[in-house]
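Each remark here refers to the structure printed beneath this line.
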Amino acid sequence: MYTSCQSTSAPIDSLAARVTENTSKDQILFRLVTDEADPAKDYFEIDSKDGKVLITGNSDLSLATGLNWYLKYVAGIHLSWNNPSQKLPEVLPLPQKKIRQATAMKNRYYLNYCTYSYSMAFWDWERWEREIDYMAMCGINMPLSIVGYEAVLFYTLRDLGYTDDGALNFISGPAYLPWQLMGNLDSYFSLTDKAYVDKRLELGKKIIDRELELGMTPIQQGCSGQVPSTILRVLPHTNAYNVPSWCGFPVTYQIDPLDKNFRKFGMALLEKQRQLFGAHHYYACDPFHENKPPIKGDKYLQNVGKAISEMYTAFDSQAVWVMQAWPLREPIVKAVDKDKLLILDI
């Protein structure tokens with residue numbers, strides 16, 4: 001049984017125009033339809049109507065994935081990460097019979113922190129637009145979205161009383177920032193220009209807006225407590241400590257997640273992120289990533305897990321904590337309710 005039929009959708013029409021270099025409009029039709037028989041599954045169908053290709057799906061993402069499937073397996077046109085667009089021939093082949101593909105896989109994640117420096121450190125909007133289109137055509141619905149987080153750090157520190165230069169000095173340059181967000185380093189090849197921060201903010205907003213437009217759920221940055229070494233000047237009486245050097249980089253500084261000022265600082269970051277980018281319920285952080293906790297024993301780690309999870313829930317009642325699998329610690333994981341945790345086996 002099908003309901004809620006809609007003949008066209010602006011996001012998928014625009015995506016199709018981009019990836020086919022404006023040659024799809026009169027050859028491929030899209031239709032949004034909800035499948036009442038199995039509403040839990042994302043699906044698409046490929047058929048024909050009045051001599052044109054008809055792609056039906058339950059969301060813009062499903063339609064984009066259906067377009068990719070049609071181009072690759074019916075029309076023999078292969079779009080890829082390095083070849084994300086191509087003009088269509090004047091006559092497109094029609095499917096011999098209706099094609100249907102469905103998935104019950106709810107979370108389809110993409111990217112990790114390192115990629116943001118290895119591959120994406122200097123991408124502009126044109127390159128990101130292509131990447132988001134390709135994500136959609138591959139069915140990705142949960143991309144890690146941290147472009148522009150420089151602005152979250154900068155303006156949070158400014159609110160706490162830091163000068164422009166003091167805030168910029170804490171933020172690592174583009175080739176190193178992802179490792180700062182994982183808690184491994186900071187202030188490395190630091191930023192020197194506020195205009196760069198605002199440029200990244202503008203780019204990050206465009207990225208998240210497009211992801212949301214296509215039906216994706218951005219995974220945003222969380223907080224595990226990393227702070228400037230000068231934090232005691234603005235948050236006195238804070239239990240903070242030096243973190244041992246990671247891979248030979250200078251030592252970093254960390255607020256103990258069990259200290260009252262951990263929540264104060266973390267909530268300030270989360271609120272600033274919401275002001276700048278919105279809050280989209282999934283927050284990534286990996287406490288003590290590739291490093292040792294300051295206190296030995298499972299009890300301490302359990303309390304850390306509770307403290308961070310409770311902070312997220314206090315900020316966002318729908319919050320889900322996103323962790324990478326390889327650095328996680330079992331006592332932290334077991335301290336968090338399962339419905340508030342997403343572990344990425346990457």
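Of the residues W81, A319, L276, the one whose Cα sits farthest toward the positive end of the charge dipole of the chain, with +1 on the Cβ of Lys and Arg and -1 on the Cβ of Asp and Glu, is A319. Axis of helix 194-213 versus longest Cα principal axis of the chain: the two differ by about 40°, to the nearest ten degrees.
Taking the mean number of other Cβ atoms within 10 Å as a proxy for protection, how do you rank 76-87, 234-245 from highest to lowest? Before the final figure, lay out the partial values.
Values: 76-87: 12.6, 234-245: 14.5.
Output ranking for 76-87, 234-245: 234-245, 76-87.
Quick one: angle between helix 60-69 and the longest Cα principal axis of the chain, in degrees between 0 and 90, rounded to 10, please. Result, in degrees: 60. Relative contact order, whole percent, for the stretch 1-149 stands at 24, derived from Cα pairs under 8 Å and 6 or more residues apart.
Heavy atoms only, probe 1.4 Å: what % of the accessible area of the chain goes to carbon and sulfur, would you let me know? Carbon and sulfur atoms account for 50 percent of the accessible area of the chain.
Highest mobility in the GNM of the chain, judged by mean-square fluctuation with C-alpha springs under 10 Å and restricted to F265, F277, F249, is found for F249.
Looking at the stretch 139-229, none of the trypsin sites (Lys or Arg not before Pro) sits in a DSSP loop with at most 14 other Cβ atoms within 10 Å of its own Cβ.
Counting only protein heavy atoms and a 1.4 Å probe, the chain has 47 square angstrom of accessible area per residue. Only protein heavy atoms count here; on that basis, with a 1.4 Å probe, C114 has an accessible area of about 30 Å².
Report, in debye and to the nearest 20, how large the dipole of the stretch 1-150 comes out about its Cα centre when Lys and Arg carry +1 and Asp and Glu carry -1 on their Cβ.
Roughly 420 debye for the stretch 1-150.
Dipole of the chain computed with +1 at Lys/Arg Cβ and -1 at Asp/Glu Cβ about the Cα centre; of A335, P11, F44, farthest Cα towards the positive end is A335. Since only L235, A307, S245 are under comparison, the one whose Cα sits farthest along the positive direction of the charge dipole of the stretch 225-346, derived from C-beta charges on Lys, Arg, Asp and Glu, is L235.
Other residues within the sphere of radius under 14 Å centred on the Cβ of G51, judged by their own Cβ, net out at -2 (K and R +1, D and E -1). Helix 10-19 and the longest principal axis of the C-alpha atoms of the chain enclose an angle of approximately 80°.
Just tell me the longest site-free run in the chain, where the sites are GluC sites (Glu not before Pro) in a DSSP loop having at most 12 other beta-carbon atoms within 10 Å. The answer is 91-346.
Which trypsin sites (Lys or Arg not before Pro) in the stretch 25-85 sit in a loop by DSSP (not H, G, I, E or B) and have at most 16 other Cβ atoms within 10 Å of their own Cβ?
Filter output for the stretch 25-85: K25, K41.
With K and R counted +1 and D and E -1, the other residues having a Cβ less than 10 Å from that of G148 yield a net charge of +1.
Between the labelled values (1) 0.97; (2) 1.04; (3) 0.99, the entry that holds Rg/Rh (Cα atoms, Kirkwood Rh) as derived from this structure is (2). Annotation: the antiparallel percentage among DSSP beta bridges lying fully within the chain is about 55. Counted by Cβ distance under 13 Å from D298, the other residues give a net charge of +4, where Lys and Arg count +1 and Asp and Glu count -1.
Within straight-line reach of K205, meaning a Cα separation under 23 Å, sit the following lysines at least 8 residues removed in sequence or on another chain: K194, K272.
How would you classify the stretch 289-346 from its alpha-carbon gyration tensor, with a ≥ b ≥ c the square roots of the eigenvalues: rounded for a/c under 1.5, else prolate if a/b is greater than b/c, otherwise oblate? Oblate is the answer for the stretch 289-346, as a/c is 1.5 or above yet b/c matches or exceeds a/b. Of all DSSP beta bridges confined to the stretch 170-313, the antiparallel ones make up roughly 75%.
Charge dipole of the chain (Cα centre as origin; +1 on each Lys and Arg Cβ, -1 on each Asp and Glu Cβ, all else neutral): 480 debye, rounded to the nearest 20.
The values are calculated or read from the model by the stated rules, or taken from the named source; none is laboratory data. Because the structure is a prediction, the values reported are computed rather than measured. Ideal geometry is used to build each Cβ from the backbone, glycine not excepted, and the neighbour counts take in all protein chains shown. Heads up: the accessible areas ignore ligands, DNA and RNA and are worked out on the full protein's heavy atoms, side chains in. Shrake-Rupley method; radii C 1.70, N 1.55, O 1.52, S 1.80 Å.
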